[in-house]
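Rule-based calculations on the coordinates, nothing more; no lab input. Just so it is clear, the structure is predicted and the values come from calculations on it, not from any experiment. Methodologically, a virtual Cβ is constructed for each residue, glycine included, from the backbone with ideal geometry; neighbour enumeration extends over all protein chains shown.
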Amino acid sequence: MLNIVVCVSGGGTNLQAIIDAIDSGKLLNTKIVKVISNNANAFALERAKNAGIEGVCVSPKDYADRETFNEAFLAELNKSNPDLIVLAGFLVVIPEIVINAYRGKIINIHPSLIPSFCGTGYYGLKVHEAALERGVKITGATVHYVDEGTDTGPIIMQKAVEVKEDDTPKTLQRRVMEEAEWIILPESIGKIAKEKE
Ligand code: GRF
């Protein structure tokens, strides 16, 4: 069994895709043991609760400084002793102490075909605004391992999505989620779960 902790900050549609893939039997040998959010109001925590999964908020706002938050975040992860940490729209920079403790065991979903439109400042809608600004005809999503850089770790899986003439950042974001993110994130976890068997 691959025990995973999913880290979230917002709506949690990628978390929901993992939950649904497990429930439907598409994603095997995988158990979400905890959801951690830096945002107490993240709807992702509601999704975890509805699925009977422990949800915890660990927010930098609740700590005197970043170092203390980093230690608390690592401690919360360690409590679950995960085989894999999945960043699903997690907007917190992963501290070095976590990278070192879980090297090769942290993956992230990014809403573009890395190396395009990634790195510092490229998150959420900004990614799709940049893709439309550049006029690319194809974009997509990438699942990659997390290292010390931003969106720089080894790529696990990518899926392309067509950009339509009348796309807005919102319509493009939705299509990339539906046609790419919600498919390749569970598939990537399944690939890792299979390797662990
Ligand atoms: C997604 O677009 C994901 O690619 C990006 O942040 C967004 C998270 O959405 N990392 P959700 O919280 O999973 O709905």
Point to revise | Cα-centred dipole magnitude for the chain, charges only on beta-carbon of K, R (+1) and D, E (-1), debye, nearest 20 | key: 300
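Net charge near Leu91: determine it from the other residues with C-beta under 15 Å of the C-beta of Leu91, scoring Lys and Arg +1 and Asp and Glu -1. The partial results should precede the final answer.
Numbers: positive: Lys61, Arg66, Lys126; negative: Asp151.
Neighbourhood net charge equals +2.
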Check your understanding: For segment 35-48, in order, what is each residue's ³J(HN,Hα) by Karplus, 6.51 cos²θ - 1.76 cosθ + 1.60 with θ = phi - 60°, in whole Hz (x at glycine and Pro)?
Key -> 10, 10, 10, 8, 10, 4, 9, 4, 5, 4, 5, 5, 4, 5
Check your understanding: Can you list the residues of segment 122-141 with backbone N under 11 Å from a point 7 Å past the Cα of Ile155, pointing along Cα to Cβ?
Key -> 140-141
Practice item. Would you pull out the residues with amide H under 5 Å of Val56's amide H, same chain only if 5 or more places away, H placed 1.01 Å from N? Key: Val35, Ile36, Ser37
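Could you size up the charge dipole of segment 1-74 around its Cα centre, putting +1 on the beta carbon of Lys and Arg and -1 on that of Asp and Glu, and report it in debye to the nearest 20? Don't skip to the answer; put the middle values down first.
Details: 7 positive and 8 negative charges, 45 e Å.
For segment 1-74, the charge dipole is close to 220 debye.
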Point to revise | Relative contact order [Cα under 8 Å, 6+ residues apart], segment 2-196, whole percent | key: 22
**Study point:** Under 20 Å from the Cα of Lys137 - lysines, other chains or at least 8 residues apart
**Key:** Lys126, Lys159, Lys164, Lys170
Practice item. Among Gly25, Gly10, Gly55, pick out the residue whose Cα is farthest towards the positive end of the charge dipole of segment 2-196, where Lys and Arg carry +1 and Asp and Glu carry -1 on C-beta, about the Cα centre. Key: Gly25
Check your understanding: Over segment 55-111, what number does the Rg to Rh ratio reach, with both radii from the alpha-carbon atoms and Rh per Kirkwood?
Key -> 0.94
Point to revise | Principal axes of segment 5-58: Cα extent on each, largest first, Å | key: 30, 17, 15
Practice item. With θ set to phi - 60°, apply the Karplus curve 6.51 cos²θ - 1.76 cosθ + 1.60 along segment 122-130 and write out the HN-Hα couplings as whole Hz, x wherever there is a Gly or Pro. Key: 9, 8, x, 4, 4, 5, 6, 4, 5
Practice item. Putting +1 on Lys and Arg Cβ atoms and -1 on Asp and Glu Cβ atoms, find which of Phe69, Ser116, Ser188 reaches farthest to the positive end of the dipole of the chain. Key: Ser188
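For segment 2-196, what does the convex hull of the Cα positions come to per residue, in cubic angstrom?
Working: hull volume 21.7 nm³, N = 195.
Spread over its residues, the Cα hull of segment 2-196 gives 111 Å³ apiece.
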Practice item. For Lys79, go through the aspartates and glutamates and keep the ones whose alpha-carbon is under 16 Å away, minus same-chain ones fewer than eight residues off. Key: Glu54, Glu71
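Run the numbers for Ile138 and Val56: contour at 0.36 nm per residue of separation, minus the present Cα-Cα distance, in nm. Write down the numbers at each step before the final one.
Working: separation 82, 0.36 × 82 = 29.52 nm, distance 3.68 nm.
Contour length minus the Cα-Cα distance gives 25.8 nm.
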